[in-house]
Amino acid sequence: MLNTNHPNKIQMGPFGGFVPEEPARPRFEIARGTYIVFMDTGIPEGKKTHLFQVWSLKGDWVGDWLGNITWYGAWRKYDFSPAPGTRFEEVCMGEISEFIVSQTKAHREAKKHASV
C-alpha cells in the first residue's frame, strides 16, 4: 500500500537525480512504496498533465531512476515507461499499478469537476 503521508518527504532540486533528455525541474515526493518513491515534476511545457518519475528508495534517500509515469492519450489513462535496463518484482509492480490507477482516477475526477 502506498504511503502519501510519510513524515520525511523527499524533495529534489532541479539538478538532483539526473535523467537523460529531460529538462531540469524540481521534483516533489507524492507517494512512497516499499522500495520506490513517486516524484511529481509538475506539468511539462506544452503538455496538459503531470509527469511523475519513479525512483528506487534507499532509506529516506532517492536511489536510481526507474522510469516515468505519463498520460497516454490513446488509452486515456496514465502509463508507466520503464528506464532501459530496469527490472521489477511483484511488490514494485503492484505499487506502480496502484499509483497509476489512483492518478488516472484523480485526473478524471478533476476533469469532471472542471466541466461542471
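For this structure, a couple of remarks:
- Restricted to the range 73-95, and to residues there that are in contact with a strand residue (DSSP E or B) (Cβ under 8 Å, 6 or more places away or on another chain) and not in a strand (DSSP E or B), the residue that is farthest from residue 112 (Cα to Cα) is 86.
- Flag if residue 96 is among the hydrophobic types (A, V, I, L, M, F, W, C), within 23 Å of residue 26 (Cα to Cα) and at pLDDT 95 or above: yes
- Looking across the range 51-64 at every residue that is among the hydrophobic types (A, V, I, L, M, F, W, C) and in a strand (DSSP E or B), the one that is surrounded by the most Cβ atoms within 10 Å (Cβ to Cβ) is identified as 54.
One line per residue, one yes/no per condition, for (1) small (Gly, Ala, Ser); (2) farther than 25 Å from residue 108 by Cα; (3) at pLDDT below 90:
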{"position": "20", "(1), (2), (3)": "no, yes, yes"}
{"position": "28", "(1), (2), (3)": "no, no, yes"}
{"position": "47", "(1), (2), (3)": "no, no, no"}
{"position": "52", "(1), (2), (3)": "no, no, no"}
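- Neighbours by Cβ (under 6 Å, 6+ apart or cross-chain): first from the range 82-98, farther than 18 Å from residue 52 by Cα; second surrounded by 11 or more Cβ atoms within 10 Å (Cβ to Cβ): 91/34
- The numbered conditions (1) closer than 17 Å to residue 9 by Cβ; (2) in contact (Cβ under 8 Å) with a residue 40 or more places away in the chain are all true for residue 37 except (2).
- In the set 46, 67, only one residue is of a type in the set (Gly, Ala, Ser), part of a loop (DSSP other than H, G, I, E, B) and on the phi > 0 side of the Ramachandran plot; that residue is 46.
- Tally of residues being surrounded by 10 or more Cβ atoms within 10 Å (Cβ to Cβ) and either in contact (Cβ under 8 Å) with a residue 60 or more places away in the chain or farther than 14 Å from residue 99 by Cβ (or both) across the range 67-81: 2
The values are calculated or read from the model by the stated rules, or taken from the named source; none is laboratory data. No experiment lies behind these values; they were computed from the predicted model shown. As a convention, Cβ positions derive from the backbone with ideal geometry for all residues, glycine included, and neighbour counts pool all protein chains shown.
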